[in-house]
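Worksheet: the structure to be examined is printed underneath.
Please treat every number below as a calculation from the coordinates, not as lab data. If you're wondering where the values come from, they're calculated on a predicted model, not measured in any experiment. Cβ coordinates were reconstructed from backbone atoms using ideal geometry, including for glycine residues, and neighbour counts include every protein chain displayed.
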């Protein structure tokens, strides 16, 4: 068995230095790769890791509510023992073998309830697993539960879930972001070493910024969407949420690849992401859009991001400002397109074949109406109605077609920018995590909070969020780095070089204390 140790306070120094410290409290304090190395070397067993993970969840879950479904302890231990046997037999040797993982609850898991945080799917158990889940299981990762989220991934706070509100581990009065808020909170609180999320308009990057962890949205088409319950099909991608950049690179490489079950999946060679993790960024060209530092951005966010610019400049990067046009059109274009696709994708949830069905109805039409009225939450209904409106006769050209044209122009603007720059740098959000209950009072303001993230989804670009500081109240601030399509390597390279200059700061919930 492993020895219990004290907590660590260094931001992932050189590669495995973190794992060698004498002040680790829990195995969940390690990064995923470090824990995998310890399991592979025999220092700890998969059962040890599973028990530490379950203990960590038990200690903080009542305060944070990161999970919708937690796998039964006996089943987790049984699977851990099976994985250990395969490791011992040499059948599993990858970096994630035996490492516990949490899966966002809009990603299908065979035999495990998958709800999309909605009443309408509250008892749905998929007959198959998403391709990314199967890939992680083939690597030997141990699934311990399904994380909370905004209902059908529609939201930025994880407050619209039918199963309750997730809290930010840094401050229980603040939101963790969304829609992958449960995954980000679970990693931030060190309940698990890594998790999967999905990103339609910033739903990996924004909660990572709010919770002080790292997450990447890959290029559209690079990771299979088979088994991801659709919201905005042309925009969304599955990606990792973890403690550091190296973990994100390893996990992303494990889940990437062409999938014949996904028509949007792209055939390409494995990019070898780990080779990009070097601190030498001499000559890397970084563009900083002036448009990203308007009056709506909190001054402390600006200061933290501009400080990151100074750090990267000192490390040899060539940084310059430029004008990125059409930024003001990104949010309206995104919400029109996403809502239109949501209205179509969610039409399948009608109470006929699976999911919730109303108990009282007189005919089929009334059953449809009452099932959807009772099964969907307010935010989902709002977006379905918006999508139906923009696709209706007389408004299709005025709204939806204009949004598609704006999307094409935004992609063109990024193409021009990437002719000059390797990476585009900016904030993830205009402010730190707001207090619980404030965002839902003003949905338009909540939508505008996605101003820096939605462009990457509209253009299909890879983008990462890494912690870059704390505000005066001790809340995390995120730095966003975007690259050209299929150029995750440059994004990870710059993120890794910056991360190595930072001191690690755990959330209170991960440090054995209680969030404010």
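Just a few scattered comments:
- In this label model, residue 501 and residue 419 are separated by 3.0 nm, measuring between points 7 Å along each Cα→Cβ vector.
- Euclidean distance between Cα centres, region 162-235 to region 321-368, Å: 20
- In a fully extended conformation the segment linking residue 274 and residue 122 would gain 50.8 nm over its present Cα-Cα distance, using 0.36 nm per residue.
- Cα-based shape type of region 381-420, given that a ≥ b ≥ c are square roots of the gyration tensor eigenvalues and the cut on a/c is 1.5: oblate
- Spatial separation of Cα centroids for region 26-42 and region 377-441, in angstrom: 39
- Among 470, 54, 121, the order by Cβ neighbours within 10 angstrom, fewest to most, reads 470, 54, 121.
- Rounded, prolate or oblate (a/c below 1.5 giving rounded, otherwise prolate when a/b exceeds b/c) for region 192-255 by Cα gyration tensor: oblate
- With q set to 0.20, 0.26, 0.29, 0.30 Å⁻¹, the log10 of I(q)/I(0) for region 290-345, from the Debye formula over equal scatterers at the Cα positions, is -0.85, -1.04, -1.12, -1.14.
- Pairs of Cα atoms farther than 19 Å apart, region 247-303, %: 61
- Helix content alone sets the calculated 222 nm mean residue ellipticity of the chain: runs of n ≥ 4 DSSP H residues at -39500 (n - 2.57) each, divided across all residues, give -11000 deg cm²/dmol.
- Going from the fewest other Cβ atoms within 10 Å to the most, the residues 208, 468 appear in the order 468, 208.
- Listing 452, 361, 399 from fewest to most neighbouring C-beta atoms within 10 Å gives 361, 399, 452.
- Over region 423-507, the Kirkwood radius and the radius of gyration, each from Cα atoms, give a ratio Rg/Rh of 1.01.
- R0 of 60 Å, Cβ-Cβ distance residue 113-residue 393: FRET efficiency to nearest 0.05: 0.90
- Kirkwood estimate for region 106-208, i.e. one over the average of 1/r between Cα atoms, Å: 13.7
- The chain: antiparallel DSSP beta bridges as a percent of all, rounded to 5: 65
- FRET efficiency for the pair residue 363 and residue 448, taken as 1/(1 + (r/R0)^6) with r the Cβ-Cβ distance and R0 = 51 Å, rounds to 0.75.
- Each distinct pair of alpha carbons in region 154-210 adds a 1/r term; the inverse of their mean, the Kirkwood radius, is 10.8 Å.
- Counting Cα-Cα pairs of region 402-444 in 10 Å increments starting at 0 gives whole-percent bin shares of 20, 28, 30, 21, 1.
- Whole-number Å³ per residue for the convex hull built on Cα positions in region 330-464: 147
- The shape of region 54-120 comes out prolate: with a ≥ b ≥ c from the C-alpha gyration tensor, a/c is at least 1.5 and a/b beats b/c.
- Evaluated at q = 0.11, 0.12, 0.17 Å⁻¹: base-10 log I(q)/I(0), Debye formula over Cα of region 156-310: -0.51, -0.60, -1.15
- Rg/Rh ratio calculated on Cα atoms of region 287-398 (Kirkwood radius): 1.24
- Placing one equal scatterer on every Cα of the chain and applying the Debye formula, the log10 ratio I(q)/I(0) at q = 0.13 Å⁻¹ is -1.25.
- Averaging Cα coordinates gives a centre for region 66-86 and one for region 442-473; these two points are 34 Å apart.
- Shape index of region 275-315: Rg/Rh, with Rg the Cα radius of gyration and Rh the Kirkwood radius from the inverse mean 1/r over Cα pairs, equals 1.06.
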